[in-house]
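Enquirer: Dropping a structure here in structure tokens format, bear with me for questions.
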Amino acid sequence: MKIEFPYIVPERPEPETEPETEPEVIEPVEHDYVSDGLVAYYSGTQSTRKGHDKDSAVWQDLVGGHDMAITKNDDNYFSDTGLRAKGVKHNFPDAIVDTVNGQAFTIEILLGDFVSVGNEFNTFINGSGDEIALFRRNSVDELELKFQINAGVRIKVKDCLNLLQNSLITITYTQNDVVRLYVNGEQVGETPTINGSLGASDLFIGHNAQNKMFDTTYRAVRFYDRALTAEEVAANAAVDGF
């Protein structure tokens, strides 16, 4: 083929690109809890920001958008009052792990009816390396809170089986200061902490180890990026009916 000069190269069409999607804007759901520092709020009566969907496989955070995937089966599902959990770990997203690795935090866990299954422990919230562990030691019926960074210093509460029934458990933690444990808005123990991040790589509720299992409903879980005061803990407990 003879090419005539000057030769003009035909223009190539621009490749098609996917339209940019706007990030979801999270409008916090109205609530009566302390708002200052509230990072995430998982409600057992509103599993999504649009309402309570018992068929959902995601527990949506109502204030920050830190949604967590739920492993659903016959023993793990949303009921009318919360996430029924037995024999499965349900992992929080990285933003929540970062919160507990910060200089201060508060965790609030509202439980429903509680049945012990494991023959040694019942572990309610945990990191894979025991960076944080809240559990019942079954042989002596004690509620224990420990941190691997300072594992020898723990909070222990005796006669806890009845205490765990339909209860609100609150942990407030400040590096190089004090960790306090509350049940239903009342302090039940405290111990000094040490400086440094907990270094957790993950964080979950529920447990799949046979010796650590239990059957309960998580009626709510809340995370703050600061240690709530005793008055604020009591105020949140009052909202939960205690």
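The values are calculated or read from the model by the stated rules, or taken from the named source; none is laboratory data. This one's a predicted model, so the numbers in the text were calculated from it and none came from an experiment. Heads up, the Cβs are rebuilt from the backbone with ideal geometry, glycines too, and the neighbour counts pull from every protein chain shown. Note: accessible area is taken over every heavy atom of the protein model, side chains too, but ligands, DNA and RNA are not part of it. Shrake-Rupley method; radii C 1.70, N 1.55, O 1.52, S 1.80 Å.
Enquirer: For region 108-134, which positions are out of contact with any helix residue (DSSP H, G or I) (no Cβ under 7 Å at 6 or more places or on another chain), more than 16 Å from residue 217 (Cβ to Cβ) and not aliphatic (A, V, I, L, M)? I'd like the intermediate steps shown before the answer.
Expert: Just the residues of region 108-134 that are out of contact with any helix residue (DSSP H, G or I) (no Cβ under 7 Å at 6 or more places or on another chain), to begin with: 109-117, 124-128, 133-134.
Narrowing further to those that are more than 16 Å from residue 217 (Cβ to Cβ): 126-128, 133-134.
Selection gives 126, 127, 128.
Enquirer: Also: Residues that are under 27 Å from residue 80 (Cα atoms), open to solvent by less than 30 Å² (accessible area, probe 1.4 Å) and in contact (Cβ under 8 Å) with a residue 24 or more places away in the chain: which strands (runs of 3 or more DSSP E) entirely in region 101-207 hold 2 or more of them? Break it down stepwise before answering.
Expert: Details: elements: 104-116, 121-126, 133-137, 142-146, 155-158, 168-174, 178-183, 186-192.
By residue number, 104-116, 121-126, 133-137, 168-174, 178-183.
Enquirer: Can you name every residue in region 208-242 that is open to solvent by less than 20 Å² (accessible area, probe 1.4 Å) and assigned to a strand (DSSP E or B)?
Expert: Keep residues of region 208-242 that are open to solvent by less than 20 Å² (accessible area, probe 1.4 Å), which gives 214, 216, 218, 220-224, 228, 233, 236-237.
Within region 208-242, 214, 216, 218, 220, 221, 222, 223, 224 qualify.
Enquirer: List the number of the failed condition for residue 73; all other conditions in (1) surrounded by fewer than 16 Cβ atoms within 10 Å (Cβ to Cβ); (2) of a type outside the set (Ser, Thr, Tyr); (3) under 15 Å from the mean Cα position of the chain (by Cα) hold.
Expert: Here residue 73 meets the rest and fails (3).
Enquirer: Considering each of 58, 29, 63, 97 in turn, give the residue that is modelled with pLDDT of 95 or more and under 23 Å from residue 235 (Cβ atoms).
Expert: Working: 58 fails: under 23 Å from residue 235 (Cβ atoms); 29 fails: modelled with pLDDT of 95 or more; 97 fails: under 23 Å from residue 235 (Cβ atoms).
So the residue among 58, 29, 63, 97 that is modelled with pLDDT of 95 or more and under 23 Å from residue 235 (Cβ atoms) is 63.
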